[in-house]
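Asker: Quick one: the structure is below, and I'll ask about it shortly.
No value in this document is a laboratory result; all are computed from the given coordinates. Not measured: the values here are computed from a predicted model. Every residue, glycine as well, gets a Cβ built from its backbone with ideal geometry; the counts of neighbours run over all protein chains shown.
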Amino acid sequence: MVGRPGSGKGTQAALLAKKISAPMFSTGNEFRSLAAGGTYLGGRLKSAMERGELLPHWLASYTFEKVLFGLAPEDKIVFEGACRTGPEAELLHEISLWLPRPYKAVYLRISEEEAWKRLSLRQKESGRADDGETAIRLRFEEYKKKNETVIKYFSAVGTLVEINGEKTVEEVHADVIKALGLS
């Protein structure tokens, strides 16, 4: 699942994982877990995440490589937020070709205005530090600089599936299932 902050990546990844009986791997959750660990790395992660910064691509690459290399060819997995920079997308594609492990990148397209509404509501409900106004602004800037390259890359290599993410959770899920040929 790829898309701007607040697009519903985590929600849709969890629903898809349940539908296909596969584990879900979230780089964001992995990083939040590391950040809570009280280590030097955890402190660096926590500080960067609270400011809304994208973490170095090599760190995200390490985490999803670790997961992919441990899977049997017939195993399924749903990644949420795994490719947020061009180098990460290229690496995932290269690994997938070599193993071989076909994949689809599901792009949940929503407007910046809709993302603001969702993130503001989520911040009130969950209190996540990276959903504060300053952090949201930085996350949107980072998204424009880096994530749009990811979407263009996946489109160019023919693995992108674009979904209108501004519908209800149930409607988006149905569209994802249909687009992936799972209905």
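Asker: Which of G42, G86, G52 ends up with the largest GNM mean-square fluctuation for the chain, with Cα atoms connected below 10 Å?
Answerer: Residue with maximal mean-square fluctuation among G42, G86, G52: G42.
Asker: Next question, about the same structure. For the chain, what is the calculated [θ] at 222 nm in deg cm²/dmol (nearest 500), taking -39500 (n - 2.57) for each run of four or more DSSP H residues and dividing by its residue count?
Answerer: One gets -17000 deg cm²/dmol as the mean residue ellipticity at 222 nm.
Asker: With viscosity set to 0.692 mPa s and temperature to 37 °C, compute the Stokes-Einstein D of the range 1-122, Rh being the Kirkwood radius across alpha carbon pairs; µm²/s, no decimals.
Answerer: In µm²/s, the coefficient rounds to 214.
Asker: Between T168 and K104, what is 0.36 nm times their sequence separation minus the Cα-Cα distance? Round to one decimal in nm.
Answerer: Gain on stretching T168 to K104: 20.9 nm.
Asker: Right, here's the next one. Quick check on the range 45-183: take the gyration tensor over C-alpha atoms, sort the square-rooted eigenvalues as a ≥ b ≥ c, and tell me if it's rounded (a/c under 1.5), prolate or oblate.
Answerer: Oblate, since a/c reaches 1.5 and b/c is not below a/b.
Asker: Can you compute the FRET efficiency between S183 and L121 using 1/(1 + (r/R0)^6), with r the Cβ-Cβ distance and R0 = 25 Å? Round to the nearest 0.05.
Answerer: Working from the Cβ atoms, E equals 0.25.
Asker: Defining a contact as two alpha carbons under 8 Å apart and six or more residues distant in sequence, what relative contact order in percent does the chain show?
Answerer: 32
Asker: Mind telling me which of A135, A36, A115 comes out most flexible in a GNM of the chain, alpha-carbon contacts under 10 Å?
Answerer: A36
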